[in-house]
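A short write-up of the structure that comes next.
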Amino acid sequence: MLLETPANPSSTPAASEESVFLVQRLRRLRTSAALRESIAETVVRPSDLILPFFVVPGTGVEQPIASMPGVSRHSVDGFLVQLERAMRLGVRSIVLFGVLPDNAKDEAAAGASDPSGPVPSAIRAARQAFGNDLVIYSDVCLCAHTSHGHCGLLKQTPRGVVIDNDSSLRQLAAMALAHAEAGVDLVAPSDMMDGRVGYIRQALDAAGHSEVGILAYAVKYASAFYGPFREAAHSAPSFGDRATYQMDPRNAREALREAALDLAEGADMLMVKPALPYLDILARLRPTTQLPLVAYNVSGEYAMLKAAVKVGVLDEPKAVREVLHSLKRAGADLIITYHAVEALEQQWI
Ligand code: PBG
């Protein structure tokens with residue numbers, strides 16, 4: 001084996017004799033920042049980033065989310081102010097999540113399809129303010145609207161209470177329609193009920209919204225990394241967990257089945273969520289589909305990085321840059337990330 005530095009420096013030969021012959025020296029292409037930049041294989045562009053917003057009813061409401069430093073819930077007026085700032089920095093895509101007070105939730109998730117709810121209102125306001133300069137995605141899921149916090153409706157069976165797949169589809173489709181009527185570009189179903197992409201596609205088409213797309217949360221794991229989001233969206237399940245509908249983190253082949261089904265049902269884009277613990281899934285999915293792939297760098301990933309920065313064990317600009325590039329490198333076209341505004345403002349990408 002050839003070593004660059006002899007183990008015993010006292011026996012170092014004279015400079016002219018020192019160099020060993022290597023056909024390939026990879027360090028030749030790492031000699032300057034300019035050279036490294038010129039051969040970088042992965043680029044993160046502002047238009048690759050999708051910024052999430054939590055929208056609440058009312059006006060003048062701003063509620064910081066303790067576990068997600070720098071992220072707040074906003075009523076539509078404050079959301080518009082934040083959005084304008086984000087747009088100035090180069091954000092061109094957003095995803096909206098509605099957050100409702102407990103007294104606006106019920107067993108049927110009726111509020112999910114309310115055209116005057118926070119998400120349809122925010123879609124209309126953003127569309128009016130920015131026209132088609134902005135790409136608007138909306139999360140479609142019942143968990144922020146059900147009194148029990150599950151992503152679907154409940155049903156009593158001989159085996160106990162279950163999350164009922166097919167009755168949930170109707171309310172999910174009604175929610176998607178309310179967003180389509182308000183002017184969304186793509187709805188993003190995150191509920192993980194079977195068949196929801198096809199059901200929503202049909203409902204949109206039947207109502208004359210064939211131009212509205214579907215970003216399917218195709219591969220969504222039952223993950224511990226959603227903890228801060230559930231605080232943000234008041235959407236933690238009041239009993240049980242989401243393991244009967246979200247995927248088991250131990251499974252990879254099943255992810256390919258989920259993605260193939262959503263594609264067959266009419267999805268326009270596919271998502272893998274969370275992002276960092278599932279880079280292998282992104283990389284495996286990439287060669288199997290020509291659809292745009294989206295990675296969701298979720299709340300727990302954001303909170304973990306922020307917490308490490310706060311106690312001084314990570315360099316935030318470098319860490320965020322590395323995270324975003326790793327997702328692109330693994331195969332993502334687009335990245336949903338709470339880091340978007342800071343990353344652009346501070347020029348971390
Ligand atoms: C709704 C939904 C969740 C997230 C996005 N949509 C939470 C969940 O499934 O419990 C998580 C996003 C994040 O953690 O940033 N179902």
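The values are calculated or read from the model by the stated rules, or taken from the named source; none is laboratory data. Quick caveat: nothing in here was measured; it's all calculated off a predicted structure. For neighbour counting, all protein chains shown are included, and Cβ atoms are generated from backbone atoms with ideal geometry for every residue, glycine included.
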Looking at (1) of a type outside the set (Asp, Glu); (2) under 17 Å from residue 269 (Cα atoms); (3) within 16 Å of the ligand (Cβ to nearest atom); (4) surrounded by fewer than 24 Cβ atoms within 10 Å (Cβ to Cβ), can you tell me which one residue 171 breaks? (2)
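Which ones in the stretch 46-76 are outside any strand (DSSP E or B) and without any contact (Cβ under 8 Å) to a residue 24 or more places away in the chain?
Residues of the stretch 46-76 outside any strand (DSSP E or B): 46-48, 57-61, 65-71, 76.
Of everything in the stretch 46-76, those that are outside any strand (DSSP E or B) and without any contact (Cβ under 8 Å) to a residue 24 or more places away in the chain turn out to be 58, 59, 60, 61.
Please enumerate the residues belonging to the stretch 314-349 that are touching a helix residue (DSSP H, G or I) at 6+ places or on another chain (Cβ under 9 Å), among the β-branched types (Val, Ile, Thr) and modelled with pLDDT of 95 or more. Walk me through how you get there before you give the answer.
Step one: list which residues in the stretch 314-349 are touching a helix residue (DSSP H, G or I) at 6+ places or on another chain (Cβ under 9 Å), which gives 314-317, 319-321, 323-324, 326-335, 337-349.
Restricting the remaining residues to those that are among the β-branched types (Val, Ile, Thr) gives 320, 323, 335, 337, 341, 349.
Answer for the stretch 314-349, where residues must be touching a helix residue (DSSP H, G or I) at 6+ places or on another chain (Cβ under 9 Å), among the β-branched types (Val, Ile, Thr) and modelled with pLDDT of 95 or more: 320, 323, 335, 337, 341.
Inspect the stretch 241-250 for any residue being hydrophobic (A, V, I, L, M, F, W, C) and free of Cβ contacts under 8 Å to residues at least 12 places away in the same chain and give the result as yes or no.
The first filter runs over the stretch 241-250 and keeps only residues hydrophobic (A, V, I, L, M, F, W, C), leaving 243, 247.
Narrowing the set further to residues that are free of Cβ contacts under 8 Å to residues at least 12 places away in the same chain leaves none.
Checking the stretch 241-250: not a single residue is hydrophobic (A, V, I, L, M, F, W, C) and free of Cβ contacts under 8 Å to residues at least 12 places away in the same chain.
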Cβ-Cβ distance below 7 Å, separation of 6 or more or different chains: which pairs start in the stretch 326-346 with a residue that is touching a residue at least 12 places away in the same chain (Cβ under 8 Å) and end on one that is assigned to a strand (DSSP E or B) and more than 16 Å from the ligand (Cβ to nearest atom)? 331/293; 332/293; 333/293
Pairs please, first residue from the stretch 300-323 and closer than 15 Å to residue 277 by Cα, second anywhere and outside any helix (DSSP H, G or I) and modelled with pLDDT under 95, Cβ atoms under 7 Å, 6+ apart in sequence or on different chains. 303/67
Please pick out the residue among 57, 69, 64 that is modelled with pLDDT of 95 or more, more than 24 Å from residue 300 (Cβ to Cβ) and within 25 Å of the chain's Cα centre (by Cα). 57
Can you tell me which residues in the stretch 213-242 are of a type in the set (S, T, N, Q) and either in contact with a helix residue (DSSP H, G or I) (Cβ under 9 Å, 6 or more places away or on another chain) or near the ligand (Cβ under 8 Å from one of its atoms) (or both)? 223, 235
Show the residue pairs that are 6+ apart or on different chains and have beta-carbon atoms under 9 Å apart, the first residue being within the stretch 225-237 and within 13 Å of residue 302 (Cα to Cα), the second being more than 6 Å from the ligand (Cβ to nearest atom) and acidic (Asp, Glu). 225/301
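Yes or no, residue by residue, for (1) acidic (Asp, Glu); (2) over 18 Å from residue 340 (Cβ atoms); (3) in contact with a Ser or Thr (Cβ under 8 Å, 6 or more places away or on another chain):
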residue	(1), (2), (3)
33	no, yes, no
36	no, yes, no
39	no, yes, no
49	no, no, yes
58	no, yes, yes
76	no, yes, yes
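Condition first: over 22 Å from residue 231 (Cα atoms), touching a His at 6+ places or on another chain (Cβ under 9 Å) and not in a strand (DSSP E or B). Now tell me which residues in the stretch 121-145 satisfy that. Even if it seems obvious, please write down each step before you answer.
Our first condition is that a residue be over 22 Å from residue 231 (Cα atoms); within the stretch 121-145, this holds for 121, 123-136.
Subsequent filtering for residues that are touching a His at 6+ places or on another chain (Cβ under 9 Å) retains 123, 136.
Hit for the stretch 121-145 is 123, nothing else.
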Only one of these is among the β-branched types (Val, Ile, Thr) and under 12 Å from the mean Cα position of the chain (by Cα): 309, 298. Name it. 298
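I'd like the residue in the stretch 156-165 that is surrounded by 14 or more Cβ atoms within 10 Å (Cβ to Cβ) and more than 25 Å from the chain's Cα centre (by Cα) and, out of all such residues, is nearest to residue 111 (Cα to Cα). If you could, list the steps in order and put the result at the bottom.
Here is the first cut: in the stretch 156-165, the residues surrounded by 14 or more Cβ atoms within 10 Å (Cβ to Cβ) are 162-165.
Add one more test, that the residue is more than 25 Å from the chain's Cα centre (by Cα), and what stays is 162, 164.
Working: 162: 21, 164: 18 Å.
Only one residue fits best here, namely 164.
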